[in-house]
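I have placed the structure first, in the form of C-alpha cells, so that the comments after it can refer back to it.
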Amino acid sequence: MNDNRNSFANIPDSSLSDRYAVFGHPINHSKSPRIHKLFAEQTGQNLAYSAQDVPADNFTAAADAFFSAGGKGLNCTVPLKELAWRYADRLSEAAEAAKAVNTLALTADGSILGENTDGTGLLNDLTANLQLNLPGTAILILGAGGACRGIVAPLLKQKPASLVIANRTPAKAHTIADDFNSLGAVDACGYDALAGRCFDLIINATAASLSDELPPLPAGLLAENGTCYDLAYANRPTAFVRWGLANGAAKSVDGLGMLVEQAAEAFYIWRGVRPATAPVIGLLDQERRETN
Ligand code: NDP
C-alpha cells in the first residue's frame, strides 16, 4: 500500500480532469489507447487516454505524478501489475486474490482502488463471445505467472469438473493451487505429468507465444470438440492457436477478445458506463487481418 498521496487525498472529484493512461514497459505496441478511444466515441464519454512508457523502478513516482496532476485512472501492464497491487489504497476481492492489479481508479474520497479485470475479461470472452458452457468441463491452464493468478478464481466460480495448472516450474503451479484451493479443487503439475490426460478447454497463460514457442504438450491432450485459448494475441495465429487447430480444436483463438473485455470492465469501473465490446473486437480483428 502507498501512503504517499495524503497531499491530495481530499481534493473533490469535480476538480479532476478526465484523463486516463496505460503504464507499462515496453508500451509502444499497446492497443489500449485505441480501444478506449473507440469505447469513448461509442458511449459519448469525454475522456483522454494515453500510453506512457514506465519502467518498474519509476512506477510509484509516475503514478503519484499522474494522479496529483488530476488523472482519474490507470491501466497497468507488464511488468507493473504487482507494483500497482502494492500501490492501491484498497483492493477489490479479485485484485486481492490475484495479488496483481491492472486497473487503478481514483475514487470520490481521494483513495485509489486497485482492481484486476483480467479474470472477468477472460470469462466474458469465453462465455458471452465464444458461447462456451464451462460448468462440468475439464480445464487446463498452462503457465503459473501473474495472468494465471488472475483467472483461477473466476474459472473456479464456473464449477468446472476439474481445473489443473501445469507449469515449466511446477513449484509455482503448486503455490497458486494451494492459494486457491479454498474456492474449489485445483491440481498442479509439470508438463511431463500431462501424458494420458485430456481436457475440454486448454488456456495458454504462458509467455511462450510472445517468442512463438510452445510448452511441450503431449498428443491427445485436447478432447474432441475442445477449445484452445491463448491469452497472448498477435496479428498472426500464435504457436498455441496453431497447435489447437492442428490438434482438432473446434475453436482455437487468441486473447484479443479478453484484451477488449478487460478494457471494457476498466472503462465501466471508471465511467459507470458499459461499452459494447463486439464491434470493437470485430474492428480490431478486421484491421489485423488486413495487415497480414
Ligand atoms: P509472467 O511472466 O508472469 O508468467 C509467464 C509464465 O510463462 C510462467 O509460468 C513461465 O514459466 C511461462 N513461460 C515463459 N516462457 C515459457 C516457455 N518458453 N515455455 C513454457 N513456459 C514458459 O507473464 P503473465 O502471466 O503476466 O502473462 C502471460 C501471458 O498472458 C502473456 O503472453 C501476456 O501477454 C498474456 N496476457 C494477456 C492478457 C489479455 O488481455 N489478453 C492479459 C494478461 C496477460 P516459469 O514459471 O517456469 O518461468
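The values are calculated or read from the model by the stated rules, or taken from the named source; none is laboratory data. Being a predicted model, the structure only gives us computed values, none of them experimental. In this analysis, Cβ positions are derived from the backbone assuming ideal geometry, glycine residues included, and neighbour counts consider all displayed protein chains.
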For segment 263-292, give me each residue that is in contact with a strand residue (DSSP E or B) (Cβ under 8 Å, 6 or more places away or on another chain) and of a type outside the set (D, E, K, R).
ALA263, ALA266, ILE269, TRP270
Residues in segment 213-234: is at least one out of contact with any helix residue (DSSP H, G or I) (no Cβ under 8 Å at 6 or more places or on another chain) and assigned to a helix (DSSP H, G or I)?
no
Condition set outside any strand (DSSP E or B) and more than 11 Å from the ligand (Cβ to nearest atom), scope segment 100-119, selection surrounded by the most Cβ atoms within 10 Å (Cβ to Cβ): answer is VAL101
Of everything in segment 26-39, what is surrounded by 17 or more Cβ atoms within 10 Å (Cβ to Cβ) and in contact with a helix residue (DSSP H, G or I) (Cβ under 8 Å, 6 or more places away or on another chain)? Give them in sequence order.
LYS31, SER32, ILE35, HIS36, LEU38, PHE39
What do you reckon, is ALA205 buried (at least 21 other Cβ atoms within 10 Å of the Cβ) and either in contact with a Cys (Cβ under 7 Å, 6 or more places away or on another chain) or of a type in the set (D, E, K, R) (or both)?
yes
Breaking point among (1) under 22 Å from TYR268 (Cα atoms); (2) within 13 Å of the ligand (Cβ to nearest atom); (3) outside the structural domain of VAL280 (by TED's automatic domain parsing); (4) touching a strand residue (DSSP E or B) at 6+ places or on another chain (Cβ under 7 Å), for ILE141
(1)
Within segment 169-187, is even one residue within 9 Å of the ligand (Cβ to nearest atom) and of a type in the set (Ser, Thr, Tyr)?
yes
Only one of ALA153, ALA147 is surrounded by fewer than 22 Cβ atoms within 10 Å (Cβ to Cβ) and under 17 Å from the mean Cα position of the chain (by Cα); which?
ALA153
Given ALA177, ALA173, ALA193, which one is farther than 25 Å from THR117 by Cβ, in a helix (DSSP H, G or I) and at pLDDT 95 or above?
ALA193
Quick check on ARG274: is it more than 16 Å from the ligand (Cβ to nearest atom) and touching a helix residue (DSSP H, G or I) at 6+ places or on another chain (Cβ under 9 Å)?
yes
Conditions (1) more than 22 Å from GLY257 (Cβ to Cβ); (2) within 9 Å of the ligand (Cβ to nearest atom); (3) touching a Phe, Trp or Tyr at 6+ places or on another chain (Cβ under 7 Å): number failed by ALA166:
(2)
Name the residues in segment 74-83 that are more than 12 Å from the ligand (Cβ to nearest atom) and out of contact with any Leu (no Cβ under 6 Å at 6 or more places or on another chain), would you?
LEU83
